[in-house]
1. Report, ordered by chain and residue number, the lysines lying within cross-link reach of residue A:189, taken as a straight Cα distance under 22 Å and ignoring same-chain residues fewer than 8 apart.
2. Give me A:95, A:211, A:176 ranked fewest to most by other Cβ atoms within 10 Å of their Cβ, as a rough exposure proxy.
3. Excluding residue A:111 itself, what net charge comes from residues whose Cβ is under 14 Å from its Cβ, given Lys and Arg +1 and Asp and Glu -1?
4. I'd like the distance separating the alpha-carbon centroids of region A:33-70 and region A:201-224, in whole Å.
5. How would A:38, A:14 line up from fewest to most surrounding beta-carbon atoms within 10 angstrom?
6. Could you please rank A:361, A:191, placing first whichever residue has the fewest other Cβ atoms within 10 Å of its Cβ?
7. Provide the net charge surrounding residue B:119, with neighbours chosen by a C-beta distance below 13 Å and charges set as Lys +1, Arg +1, Asp -1, Glu -1.
8. So for chain B, if I pair up every lysine 8 or more residues apart or on another chain, how many of those pairs have alpha-carbons under 30 Å apart?
Amino acid sequence: MTVQEDFHYYATYCAAYIAGYSHEESLRVAYAAQFVDCCTKTFINKVKGPKVAATTQLQTELADTKLDLAGLREITRIWASFHFLPGDLYAHIPRRPKVYMDEYRLICNPNGDLLVDTLRLAKGKGIEACGLAMHVLADTWAHRYFAGTPSFVINDAGEFYEIHRTLDGDEEKKIRFRHNPVAPDDLEKGIFTNSINNYTARSIMNLGHGRAGHLPDYSFAVYRYVPAWMNYEAVIKDNPVDYRNAFCQMIYAMKYLRGEHEKFEKERYDEENIASYSDRIDSILRKRQLSASEDWKAFGEELSGSKIPDFQVDMYVDEYLNAGETEKPSTFLGRFFTAAIAQKGMVSNRIYRSGNKRAGIVMDINTLENMNRRRLLMIANKTGKAGLDGKNKKNR
Amino acid sequence: MNGQALGEMSLDARIRKMRSYLLYGGAAFIILGLWDGIKTGLYMYFHPAEALEEFYSGDQLQNYDESMYYTIMVVIILAFFLIFFTLRVYIGLKAVSVARGRNTKARVYVVLTVLYTIGTVYTGIDEILHPVVREAHEAHLINFIIETSSLLVMIIIIVSSVSLWKLDKQKAASQAQGG
């Protein structure tokens, strides 16, 4: 259920390099971006890190999560903060009850206020925060129109048709779905895997883009479908265009994070710096393949003239495990965990402040004084909790 | 901001909406048909004497072999149930088929639904005007609620079918103009 390694790792590397980072810095940015899809509670337990820093959940972890209020809030905090950043927390539709609007307002869309907040939060916080922010940014394009909370009335979808653009015009082909998570998607026959149809309002099957399978993660896919929230209207998802926007916006965002721009503005894309690579990038984005990793890797290596190693999830584990307690926050993983906790706290708090308790009652640790914030992070490192759920009254 | 259609719905969206209503209406019509059988079966099982009295007039029940009359009653009621349930299944499946875009020329099921609706309304009015006093009053109330739901489902099937015909004609006309 994620934009794949091809974009989060290799494409982010390319964008970072074009934005002005060195080869080594670009690798770290790319690693952090991809690591957002790997930082589960299971992984964090292995390195004895703070569980509150989890940025994703395994299928098994989701299956273990109860769908009571606490469980739903935990799921929403993770998925809305890192993979389905809400586009408009104050959206309004007439004649809809609050319970519906709480879910509707979590729909992911690019160029939202939360994206600006995400980047402001990452500024000056290092490479790891930068990488994490790039993952969030890229997902706002890939995962738009879905919400990071289990919701049948938002995330259910039907009538998928793939649009093939030919010289004679657009050709539509009905997409067939199956529920076999083991079998790869068959691009030739147009058969894809998606989550099982479940009419329960808050089933895990209705989390994020499960009902669309991996379609949002394929940069070549252009398709038409009817989302549940769109009142029977169809929407066309043009991934090549969206992914290109994501790539150009990442370059602009990273330049902002490096200090080349004073502020981050929505709807700005750095097309200038990719002008000479435009056709190459388009051809990678539009190539019909399950993974574009090889193409992005080749492009990245041409850009920098250096080899890009394959992503290894355990790359920084030893550094973290071997560090002393006071040194852990300064390691790569330590800084990543800090950035993740900050991001989760910020987004969850914004959701709460908008009047929506779907992510729970969450204080924003970023508004605390540095001393209190460090205390909370140290507690988080020890206990796996950071009082982000408002329960740790002792630290208020 | 999310592309929500706040104004007038497009033609395709209205067609999808009517198909959705028809699909669920058709399925509900079949399921509610099962209720007829369940309710009658339970009534005959738990209140056999009342059922017999209702089925036969008082005079017929003098000097009778109860088990034989009971068996005849069950067989006749079962036969009627099967006929009406088959009718419901036919209507329901046709509605689902039309909702899925197949068999768009089907019309008979709508006529049958209209007749079924008239019959249901007539029976309902008759029960209100000439109520039969039964022991199980709460069962009577539950039955009334479910029958009302069933009536609503029939109306949904009729209205959405007619709307779909009109919308399909509109779409064909606009495609012909555009083509």
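1. Result set, ordered by chain and number: A:173, A:174, A:237, A:287.
2. A:95, A:176, A:211
3. -4
4. Region A:33-70 and region A:201-224 have Cα centres spaced 20 Å from each other.
5. Arranged by neighbour count, lowest to highest, A:38, A:14 become A:38, A:14.
6. A:361, A:191
7. That works out to -3.
8. 13
Values quoted throughout were computed directly from the atomic coordinates according to the rules given, and no laboratory measurement underlies them. Just so it is clear, the model here is predicted, and its values are computed rather than measured. Quick reminder, even Gly has a Cβ in these numbers, built from the backbone with ideal geometry, and neighbours come from all protein chains shown.
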